[in-house]
Amino acid sequence: MFERRGHKRLYIFVGLWACALCLVPDLFGDTIVLKEGQKLTGNILAEKDTQLYVDIGVTVLTVPKEDILEYEYTDELKIEDADVNDLYAEIDRPQLSAGRLYRAANLEKATIEECVDAFSEAVVKVSSPAGMGSGFFLNEEGYLITNYHVIERETKIEVTVFQKAKHGFEKKKFKKVRIEAINPFVDLALLKVEDIGDTKITYAYLGDIDDIKVGEEVFAIGNPLGLERTVTDGVISTRNRAFEGLVYIQTNADINPGNSGGPLFNLAGEVIGVTNMGYIFFGGLGFAIPVDYVKHFIENRDAFVYDKDNPNTGFRYFQPDRRRNKTGPKSLKDKNASGEP
């Protein structure tokens, strides 16, 4: 009963705003009629199975479909044709203001082709004197995720961004890259490109580990063996394969050296894991760090902050001291001498 009263108060508020916004119909075209009679005019940002996200100018409202009598799009632009980054910019903005570096949004499933078109520019090449791997941007400020082993023992790091151009892609290399945090145990590193300038960054959204299902289609984008912007696809083979005390997502999407640190996407274009292992001579055995480990690492980055004076920053387990007296205990000797069992 309390929840229903809350809905009424919300819709009274919405109704007042709708009346005010009717005075400027050129700004908002989509119309929603609620079952209780209120009429809402705004911009429908996204349509889900059970609710609509509506921009009324001053805020974004979530309206349950069960309370909607009818709604109509008057803008010729289709939701599925809209740019995904622009579509969810308003919905997920509070996460960044709360101190997080990443964004999340419940995106609609699409085809691999559509997802690659929307998010391939978020995937980068991470290079150091020791080798190269992949990574992906978390936000427009230049923060990105890769594997720890991609930059292990290195401080001179270069990030290559691939941006769409009139004829294919053009490369932009950034050499001023700061190591923000590392966790060798989970094999994750947080970097920041400091000389990003006015370059427009495409970033990826992080998904939800609870939504991952065995058998669902996934795809990876990375730079295996130096072959830039390579896309491989497959399914989730197992969502909780255990190795050395950690859980990994297992997939039959090909993962090779150079893919390390790159994203594993679902068909909504959300990152569900960070690829970091694969069997070179056995195809169909790839592994990724689950996205919940990634979120925990980012949100607790101050605990894993990088120390520039110690390139091997991290932790290691110390072995216990060995026994100094290698002879057996006296009580054990007495028992052996007396023949006691």
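Quick test of your reading of the structure: residue 287 fulfils all but one of (1) touching a strand residue (DSSP E or B) at 6+ places or on another chain (Cβ under 6 Å); (2) closer than 21 Å to residue 186 by Cβ; (3) modelled with pLDDT under 95. Name the failing condition by number.
Just one mismatch for residue 287, condition (3).
Restricting the search to segment 227-242, which residues are assigned to a strand (DSSP E or B) and either outside the structural domain of residue 287 (by TED's automatic domain parsing) or farther than 23 Å from residue 210 by Cβ (or both)?
Residues satisfying the conditions are 230, 231, 232.
Quick check on segment 277-294: of everything there that is more than 15 Å from the chain's Cα centre (by Cα) and closer than 20 Å to residue 145 by Cα, which residue is surrounded by the most Cβ atoms within 10 Å (Cβ to Cβ)?
286
Within segment 241-276, restricting attention to residues that are among the hydroxyl-bearing types (Ser, Thr, Tyr) and under 20 Å from residue 127 (Cα atoms), which residue is surrounded by the fewest Cβ atoms within 10 Å (Cβ to Cβ)? Show your work before the answer.
Of all residues in segment 241-276, those among the hydroxyl-bearing types (Ser, Thr, Tyr) come to 248, 251, 260, 275.
Cutting the leftovers down to under 20 Å from residue 127 (Cα atoms) gives us 260, 275.
On the way: 260: 27, 275: 30.
Looking at the filtered set, the residue picked out is 260.
What pairs can you find where one residue is in segment 269-291 and over 16 Å from residue 133 (Cα atoms), the other is among the charged types (D, E, K, R), and their Cβ atoms are less than 7 Å apart, with a gap of 6+ or different chains?
283/254
Regarding segment 158-179, can at least one residue be identified that is at positive phi, surrounded by fewer than 16 Cβ atoms within 10 Å (Cβ to Cβ) and not in a loop (DSSP other than H, G, I, E, B)? Outline the logic, then answer.
Taking segment 158-179 and keeping what is at positive phi, we get 168.
Now drop any that are not surrounded by fewer than 16 Cβ atoms within 10 Å (Cβ to Cβ), which leaves 168.
If we keep only those that are not in a loop (DSSP other than H, G, I, E, B) too, we end up with 168.
Checking segment 158-179: at least one residue is at positive phi, surrounded by fewer than 16 Cβ atoms within 10 Å (Cβ to Cβ) and not in a loop (DSSP other than H, G, I, E, B).
Only one of (1) of a type in the set (A, V, I, L, M); (2) in a loop (DSSP other than H, G, I, E, B); (3) modelled with pLDDT of 80 or more is not met by residue 33, so which one is it?
The failed condition is (2).
Search segment 48-68 for residues that are at positive phi and pair each with any residue that is assigned to a helix (DSSP H, G or I) and at pLDDT below 80 when their beta-carbon atoms are under 7 Å apart and the residues are at least 6 apart or on different chains.
Once the first residue is at positive phi and sits in segment 48-68, its partners that are assigned to a helix (DSSP H, G or I) and at pLDDT below 80 give 57/21.
Answer yes or no: is there a residue in segment 226-239 that is surrounded by fewer than 22 Cβ atoms within 10 Å (Cβ to Cβ), among the charged types (D, E, K, R) and under 19 Å from residue 108 (Cβ atoms).
Taking every residue of segment 226-239 in turn, at least one turns out to be surrounded by fewer than 22 Cβ atoms within 10 Å (Cβ to Cβ), among the charged types (D, E, K, R) and under 19 Å from residue 108 (Cβ atoms).
Of the residues 61, 107, 45, which is at pLDDT 85 or above, out of contact with any Ser or Thr (no Cβ under 8 Å at 6 or more places or on another chain), within 28 Å of residue 140 (Cα to Cα) and crowded, with 19+ Cβ neighbours inside 10 Å?
One residue alone meets the criteria, 107.
Among residues belonging to segment 107-133 that are among the small types (Gly, Ala, Ser) and in contact with a helix residue (DSSP H, G or I) (Cβ under 8 Å, 6 or more places away or on another chain), point out the one that is nearest to residue 170 (Cα to Cα).
By that ranking, first place goes to 118.
Identify, please: which residue in segment 211-225 is assigned to a strand (DSSP E or B) and hydrophobic (A, V, I, L, M, F, W, C) and is, among those, surrounded by the fewest Cβ atoms within 10 Å (Cβ to Cβ)?
The extreme case among them is 219.
The values are calculated or read from the model by the stated rules, or taken from the named source; none is laboratory data. For clarity, every value in this text was computed on a predicted model and none was experimentally measured. Positions of Cβ are backbone-derived with ideal geometry, glycine not excepted, and every protein chain shown enters the neighbour counts.
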